[in-house]
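J.: One structure, pasted below without further comment.
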Amino acid sequence: MALPAKLIQEFDELVTHYPEKRAGLIPALHRCQEELGGWVSPDTMEALAEYFGLEPVEVYGVASFYPMFRLTPPGKHVISVCHNISCELRGATELMEHVCKKTGTKPYGTSADGKFTVWPVECQGACANAPMIDLDGVYHEDLTTEKVDKLLGGLA
């Protein structure tokens, strides 16, 4: 798989901001995940390795180390549940259990119907309004199980 020309053009500009080309790998992984289906496929990692002059295993090592990169296709809706200290103190564990039960998933898993992926995540910077989730890129704060039910109930 070759990287789309649009991404190559972005990466060509991106690497000019770093002392070494390979330093642009993490932002490039983010862009690939955003543009190429919500995950970083083995083919994408090989294409990035070629672009950055790395071995594919080096790209895999970076992508597999950081939890923000998905190495399997996500569900239609991605729910990130914050579990850092502020959210934990205000019920994040119960919220995670409720989200998993409601969606039929496990943490870091995707529902059998492919509709939901649930990820526990570290601090999302919404500590004053804990507990919170990021649903498809949108923050929802001051949550209760009832509010989660309303959020998830309207998803097709």
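J.: Does any residue in the range 48-60 that is at negative phi come within less than 7 Å, Cβ to Cβ, of a residue that is surrounded by fewer than 19 Cβ atoms within 10 Å (Cβ to Cβ) and part of a loop (DSSP other than H, G, I, E, B) six or more places away or on a different chain, and which pairs are these?
T.: So the pair list comes out as A49/E55.
J.: Mind checking which residues of the range 118-142 are touching a helix residue (DSSP H, G or I) at 6+ places or on another chain (Cβ under 9 Å) and of a type in the set (V, I, T)?
T.: Of everything in the range 118-142, those that are touching a helix residue (DSSP H, G or I) at 6+ places or on another chain (Cβ under 9 Å) and of a type in the set (V, I, T) turn out to be V118, I133.
J.: Somewhere in the range 96-111, is a residue of a type in the set (A, V, I, L, M, F, W, C) and surrounded by fewer than 17 Cβ atoms within 10 Å (Cβ to Cβ)?
T.: Start the filter on the range 96-111 by keeping residues that are of a type in the set (A, V, I, L, M, F, W, C), which leaves 96, 99-100.
Narrowing the set further to residues that are surrounded by fewer than 17 Cβ atoms within 10 Å (Cβ to Cβ) leaves none.
No - not one qualifying residue is present in the range 96-111.
J.: Which residue out of V138, V118, V148 is at pLDDT 90 or above, farther than 21 Å from E88 by Cβ and β-branched (V, I, T)? If you could, list the steps in order and put the result at the bottom.
T.: On the way: V118 fails: farther than 21 Å from E88 by Cβ; V148 fails: farther than 21 Å from E88 by Cβ.
Going through V138, V118, V148 in turn, just one is at pLDDT 90 or above, farther than 21 Å from E88 by Cβ and β-branched (V, I, T): V138.
J.: Only residues that are of a type outside the set (D, E, K, R), assigned to a helix (DSSP H, G or I) and farther than 23 Å from T117 by Cβ: list them for the range 8-37, please. Show your work before the answer.
T.: Restricting attention to the range 8-37, the residues satisfying the condition of being of a type outside the set (D, E, K, R) are 8-9, 11, 14-19, 23-30, 32-33, 36-37.
Retained after the next criterion (residues that are assigned to a helix (DSSP H, G or I)): 8-9, 11, 14-17, 23-30, 32-33.
Hits for the range 8-37 are I8, Q9, F11, L14, V15, T16, H17, A23, G24, L25.
J.: Being more than 18 Å from the chain's Cα centre (by Cα) and buried (at least 16 other Cβ atoms within 10 Å of the Cβ) is the filter here, so list the residues in the range 47-70 that pass it. Working first, answer last.
T.: In the first step, residues of the range 47-70 are kept if they are more than 18 Å from the chain's Cα centre (by Cα); the result is 47-58.
If the condition is that a residue be more than 18 Å from the chain's Cα centre (by Cα) and buried (at least 16 other Cβ atoms within 10 Å of the Cβ), then A47, L48, A49, Y51, F52, L54, E58 are the ones that fit.
J.: Further, regarding this structure: Among the residues of the range 82-95, are any under 13 Å from the mean Cα position of the chain (by Cα) and either closer than 28 Å to L3 by Cβ or among the aromatic types (F, W, Y) (or both)?
T.: Let us first name the residues in the range 82-95 that are under 13 Å from the mean Cα position of the chain (by Cα), namely 82.
Among the residues that remain, those that are also either closer than 28 Å to L3 by Cβ or among the aromatic types (F, W, Y) (or both) are: none.
No, every residue in the range 82-95 fails to be under 13 Å from the mean Cα position of the chain (by Cα) and either closer than 28 Å to L3 by Cβ or among the aromatic types (F, W, Y) (or both).
J.: For the range 78-110, how many residues are out of contact with any helix residue (DSSP H, G or I) (no Cβ under 7 Å at 6 or more places or on another chain) and within 20 Å of H30 (Cβ to Cβ)?
T.: Residues that pass the stated criteria total 3.
The values are calculated or read from the model by the stated rules, or taken from the named source; none is laboratory data. From a predicted model like this one, the values you see are computed outputs, not experimental measurements. No Cβ is skipped: glycine too gets one built from the backbone with ideal geometry, and neighbour counts run over all protein chains shown.
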